[in-house]
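Worksheet for the structure shown next.
The values are calculated or read from the model by the stated rules, or taken from the named source; none is laboratory data. What you are looking at is a predicted structure, and each value in this text was computed from that prediction instead of being measured. Here the Cβ is made from the backbone with ideal geometry for all residues, glycine too, and neighbour counts use every protein chain on show.
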Amino acid sequence: MLVVEDEPLIELDLHQALSSAGASVLAATSLKDALELIACADIAAAVLDVNLGSSDCLTACAALQRRGIPFMFYTGYTKAYVHDAWPDAPSIGKPANLDDVVRTVLTLIAHDTPNIPSVGAGHERRKGPVEPHVD
């Protein structure tokens, strides 16, 4: 499980909620870090903030799609342009009950639904635990 969030307290809350649900969680606080993890880590799904400081998550979404990894948005930008680029990606507006985020992630992982970006016929799913990233 990958969390891409530039706000440390929000990332910590997401990490704790997803870990409590049994996920092994990797975290990236920048687009650069996210792309490195997406390229090499075994990731089952991802939770992305739209705004990552001076960049957005569009490049990360494209990289996730290429790897067949489903993703969702957890963002304060409910009308963001990324929703136009990825209209089928689930999106939960901040602030929200983190149980809703966990349920959405479980749905991403459990269902091979064509309406969810990068998941469906012809796409390989990345499943299983992920070891923590150590700098």
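Restricting segment 59-86 to residues that are modelled with pLDDT of 90 or more, of a type in the set (G, A, S) and not in a loop (DSSP other than H, G, I, E, B), which is nearest to L14 (Cα to Cα)? I'd like the intermediate steps shown before the answer.
Our first condition is that a residue be modelled with pLDDT of 90 or more; within segment 59-86, this holds for 59-74.
Next, from what is left, pick out any that are of a type in the set (G, A, S): 60, 62-63, 68.
Checking which are not in a loop (DSSP other than H, G, I, E, B) leaves us with 60, 62-63.
Values: A60: 18, A62: 22, A63: 21 Å.
Only one residue tops the list, namely A60.
Can you tell me which residue in segment 1-14 is farthest from A96 (Cα to Cα), limited to those that are surrounded by fewer than 19 Cβ atoms within 10 Å (Cβ to Cβ) and free of Cβ contacts under 8 Å to residues at least 24 places away in the same chain?
Residue satisfying both the conditions and the ranking: P8.
Consider S30 carefully, then state whether it is more than 24 Å from T107 (Cβ to Cβ) and surrounded by fewer than 17 Cβ atoms within 10 Å (Cβ to Cβ).
On the way: more than 24 Å from T107 (Cβ to Cβ): yes; surrounded by fewer than 17 Cβ atoms within 10 Å (Cβ to Cβ): yes.
Here the answer is yes, as S30 does meet what is asked.
Looking at (1) surrounded by 15 or more Cβ atoms within 10 Å (Cβ to Cβ); (2) of a type outside the set (D, E, K, R); (3) assigned to a helix (DSSP H, G or I), which is the only condition A89 fails?
The failed condition is (3).
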